[in-house]
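A quick write-up on the structure given underneath.
The values are calculated or read from the model by the stated rules, or taken from the named source; none is laboratory data. Treat the numbers as computed from the prediction; the structure is a model and nothing was measured. Positions of Cβ are generated from backbone atoms using ideal geometry, with glycine treated the same way; all protein chains shown enter the neighbour counts. Heads up: the accessible areas ignore ligands, DNA and RNA and are worked out on the full protein's heavy atoms, side chains in. Shrake-Rupley method; radii C 1.70, N 1.55, O 1.52, S 1.80 Å.
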Amino acid sequence: MKRTAVAQIPEDQLDRIATSFIKAASSFSGQISITRGQHSINGKSLLGFLSLMKGGGSVELSAEGGDEEQALETLVGILEMR
């Protein structure tokens, strides 16, 4: 399952959002990935998140597993600061 999100992360909040995102992503049992352009990372990797999300913008989230719908809803909400 995939969803597109437009990350609206102010530079001074990147660390806080990254920590929230990784903590939430790690609570789900399935695989989570984030893709921007040709780069894709494990959505449970703090360093990967920080490098990919610097500057914000549109990304594609994908999740596989029994809780994929809830995972995507939660994670898109974090990225879009809802």
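Here are a few things to note about the model shown:
- Note on Lys2: accessible area approximately 140 square angstrom, rounded to 10, probe 1.4 Å, nucleic acids and ligands left out.
- Ellipticity estimate at 222 nm from DSSP helix runs (n ≥ 4, -39,500 (n - 2.57)) divided over the chain, nearest 500: -12000 deg cm²/dmol
- In a fully extended conformation the segment linking Lys23 and Glu80 would gain 18.9 nm over its present Cα-Cα distance, using 0.36 nm per residue.
- Accessible surface of Met1 - all protein chains present, 1.4 Å probe, nearest 10 Å²: 100
- Extent along principal axes [Cα atoms of the chain; Å; largest to smallest]: 34, 25, 22
- Distance between the 7 Å Cα→Cβ label points at Glu73 and Val6: 2.3 nm.
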